[in-house]
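Remarks on the structure that follows.
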Amino acid sequence: MTVDAAVQGIIDALDAQGLKSFEQMSIEEARGVVDSFVGLQKPRREVAKVIDTAYQGPAGPQDVRIYIPDEETEGPLPVVVYFHGGGFIGGGLSVAEEPNRAVANDAGVIVVAASYRLAPEHKFPAATDDTFAALKWAAEHIADYGGDPSRIAVMGDSAGGSLAAVAAQRARNEGGPKLRGQVLVYPVIDSTAELPSKSEFKEGYIITSAGLDWFWEQYLSSPADAENPLASPSKAASLAGLPPALVVSMEYEAARDEAEAYGKQLADAGVETVATRFDGLVHGTYWMSGAVPRSAEIHDAVVNFLRERLAVEQ
């Protein structure tokens with residue numbers, strides 16, 4: 001289908017402003033653009049409680065924000081550990097505040113949003129080491145906040161989707177925690193992938209193919225890193241035994257085919273997988289709830305998957 005009208009309006013506005021592509025920006029400029037997505041979001045919804053604390057990462061404490069949903073539900077509650085996008089170089093807890101509050105309320109879950117060290121100051125494997133530490137911290141401590149450590153899913157969007165996929169593999173390989181699900185919203189999966197979407201949507205859809213490559217260059221130190229499954233989850237020797245997955249892709253994005261290929265890899269390995277492509281939408285739409293009405297469709301897909309996978313009777 002054609003590009004969604006609301007998305008096209010954003011693309012046209014960015015073009016009119018003469019916004020540079022990410023690969024033409026400095027790190028600070030790129031971080032500012034990522035943070036500006038807050039301006040495209042709905043007002044933040046009220047939740048019962050927001051708790052700011054920290055988990056102990058390999059290099060020291062890292063911020064974590066816990067969202068307790070507003071509905072009166074008998075606890076303990078299921079848990080979603082969320083990693084933000086931002087190309088491994090930007091983003092943070094504030095830019096994903098609105099979608100995290102919405103997921104907490106609508107899925108009836110405690111959302112644990114974890115920060116992590118950013119590139120290029122902290123190259124691979126800093127981000128995956130931090131996010132896996134955050135997942136383990138949540139499993140060990142979430143009962144103190146009313147959460148059920150036996151009902152945990154991991155989630156991320158864009159670079160955070162990659163980190164969530166890697167965290168799910170590490171949990172399988174490194175002694176837990178045992179996960180009920182993984183939610184990968186337009187994840188970037190493989191920096192070496194040269195699939196049709198990368199050329200078909202090379203320019204004109206928020207993130208260019210060159211911009212995608214630039215983000216990977218900030219994160220990885222060498223070609224060898226790109227072959228490491230802790231950076232590129234599709235490179236794992238086996239995907240068998242991973243938790244059920246929701247893999248979300250957008251029609252108009254350079255990284256679409258690598259996300260969808262990973263979904264197929266999961267399914268071929270016997271992992272219960274729901275692969276959903278949203279036609280007419282672009283990378284980043286999940287953070288555009290106030291500007292792109294169809295962002296709600298992504299939210300609904302996430303909520304429905306989480307409700308099913310984290311149900312008590314599972």
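Of the cross-linked pairs Lys202/Lys264; Lys49/Lys235; Lys42/Lys136; Lys178/Lys198, those separated by over 28 Å at the C-alpha level are Lys49/Lys235; Lys42/Lys136; Lys178/Lys198.
Work out the FRET efficiency for Glu121 and Gln24 from their Cβ-Cβ distance, taking R0 = 35 Å, and round it to the nearest 0.05. Please list the in-between numbers first.
Details: r = 20 Å, r/R0 = 0.58.
That pair, Glu121 with Gln24, gives E of 0.95.
Mind giving me the FRET efficiency for Ala48 and Asp300? R0 is 22 Å, r the Cβ-Cβ distance, nearest 0.05 is fine. Let's see the in-between values first.
Numbers: r = 22 Å, r/R0 = 0.99.
E between Ala48 and Asp300, to the nearest 0.05, is 0.50.
Which order do peptides 287-293, 198-204, 109-115 fall in by mean Cβ count within 10 Å, highest first?
On the way: 287-293: 20.0, 198-204: 14.6, 109-115: 27.4.
Per-residue Cβ counts within 10 Å, averaged per peptide and sorted highest first, yield 109-115, 287-293, 198-204.
Solvent exposure of the chain amounts to 38 Å² per residue of accessible area, where only protein heavy atoms count and the probe is 1.4 Å.
Across q = 0.11, 0.12, 0.13, 0.15 Å⁻¹, the range 61-161 modelled as identical point scatterers on its alpha-carbon atoms has Debye log10 I(q)/I(0) values of -0.30, -0.36, -0.42, -0.55, in the order of the q list. Database remark: amide H of Lys49 closer than 5 angstrom to the amide H of Ile68 (H placed geometrically; neighbours at sequence offset of 5 or more, or on other chains; Pro and chain starts carry no H). Residues in the range 141-169 near a label at Glu71, defined as backbone nitrogen under 18 Å from the 7 Å Cα→Cβ point? Hits in the range 141-169 for Glu71 at 18 Å: 146-148, 151-153. Counting every alpha-carbon pair across the range 166-314, the share separated by more than 22 Å comes to 43%. Among the listed values (1) 19.6, 63; (2) 17.9, 53; (3) 19.2, 56, the one matching Rg and Dmax of the Cα atoms in Å as calculated from this structure is (2).
Ordering 172-182, 125-135 by mean Cβ neighbour count within 10 Å, with the highest value first, yields 125-135, 172-182. Phi angles across the range 33-48 convert, under the Karplus curve 6.51 cos²θ - 1.76 cosθ + 1.60 with θ = phi - 60°, into 3J(HN,Hα) values of 5, 4, 5, 5, 4, 4, x, 9, 9, 5, x, 5, 7, 6, 10, 5 Hz, Gly and Pro given as x. Peptides 79-92, 242-255 ordered by packing proxy, namely the average of other Cβ atoms within 10 Å per residue, highest first: 79-92, 242-255.
The values are calculated or read from the model by the stated rules, or taken from the named source; none is laboratory data. Because the structure is predicted, anything quoted here is derived from the model rather than measured. Note that each Cβ is placed from the backbone with ideal geometry, even for glycine, and that neighbours are counted across all protein chains shown. The area values use the complete protein model at the heavy-atom level, side chains included, leaving out ligands, DNA and RNA. Shrake-Rupley method; radii C 1.70, N 1.55, O 1.52, S 1.80 Å.
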